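Below is one structure, written out as structure tokens, with a few remarks after it.
The values are calculated or read from the model by the stated rules, or taken from the named source; none is laboratory data. In this text the structure is predicted, and so the values were computed from the model without any measurement. Here the Cβ positions follow ideal geometry from the backbone for every residue, glycine too, while neighbour counts run over all protein chains shown. When the accessible area is computed, the model is the full protein with side chains, heavy atoms only, and any ligands, DNA or RNA have been set aside. Shrake-Rupley method; radii C 1.70, N 1.55, O 1.52, S 1.80 Å.
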Amino acid sequence: DAGVTQSPTHLIKTRGQHVTLRCSPISGHKSVSWYQQVLGQGPQFIFQYYEKEERGRGNFPDRFSARQFPNYSSELNVNALLLGDSALYLCASGFSNTEAFFGQGTRLTVV
Amino acid sequence: GIQVEQSPPDLILQEGANSTLRCNFSDSVNNLQWFHQNPWGQLINLFYIPSGTKQNGRLSATTVATERYSLLYISSSQTTDSGVYFCAGPAYAAGTALIFGKGTTLSVSS
């Protein structure tokens, strides 16, 4: 079985631009969550989706948004990119209330 | 959501030594996970352990939910054990969203 897959793996964007990151969960998993990890820190929770509905949001500005599709894949969108948005973005999937499994991440650099 | 604190922040060992990493959390949990992050950023699942003790080879973990802490034991450490170890607890009562600690950076030298 394929694990959690994220695309792209690396991305370079300019300040002010918009970016879309994608995540495909493990087959059968209906819960997807997104995290931002800056260098030297632990991952910070951004969003949780379950059955295509937002079920939780971390302390991030409205420039960050996400959605989950009928096939349970998910997108994370970030508008008006700032230099401080440069980070590793991680996606995780799981069943409800059980172990979460992570993708390899998307490394975003904003210049 | 809960707060998660890990200690020590850094650990330096000689190959073959044993180590204990600690995770304290501020509230009761129904989901507690330990991860190892490899140099490429991938989070590798080590244990899903809301309570009790589990073992996997040279690694074992114990969570004492009533006292709000979890321990990760690494025995006979190897250089390949080097990296950052994270524990994480639930962001909400339901779902798989996690709150992470700041991690323990382990360096094992030969």
Only one of A:G42, A:G56 that is open to solvent by less than 20 Å² (accessible area, probe 1.4 Å), over 18 Å from A:V4 (Cα atoms), within 14 Å of another protein chain (Cβ to nearest Cβ) and in a loop (DSSP other than H, G, I, E, B): A:G42
Number of positions in the range B:44-81 that are under 16 Å from B:L11 (Cβ atoms), open to solvent by less than 50 Å² (accessible area, probe 1.4 Å) and either over 13 Å from the mean Cα position of the chain (by Cα) or without any contact (Cβ under 8 Å) to a residue 24 or more places away in the chain (or both): 3
Hits in the range B:91-103 - residues which are open to solvent by 10 Å² or more (accessible area, probe 1.4 Å), in contact with a strand residue (DSSP E or B) (Cβ under 8 Å, 6 or more places away or on another chain) and at pLDDT below 95: B:A91, B:Y92, B:A94, B:G95
Among (1) within 14 Å of chain A (Cβ to nearest Cβ); (2) open to solvent by less than 60 Å² (accessible area, probe 1.4 Å); (3) within 21 Å of A:G40 (Cβ to Cβ) - the single one B:S107 does not satisfy: (1)
Number of the exception - A:Q17 against (1) in contact (Cβ under 8 Å) with a residue 12 or more places away in the chain; (2) facing chain B (nearest Cβ under 9 Å): (2)
Members of the range B:24-37 that are open to solvent by less than 40 Å² (accessible area, probe 1.4 Å) and either closer than 24 Å to B:S109 by Cα or of a type in the set (D, E, K, R) (or both): B:W34, B:F35, B:H36, B:Q37
Tally, over the range B:36-60, of residues that are in contact with a Ser or Thr (Cβ under 8 Å, 6 or more places away or on another chain) and either within 13 Å of another protein chain (Cβ to nearest Cβ) or closer than 19 Å to B:A97 by Cβ (or both): 4
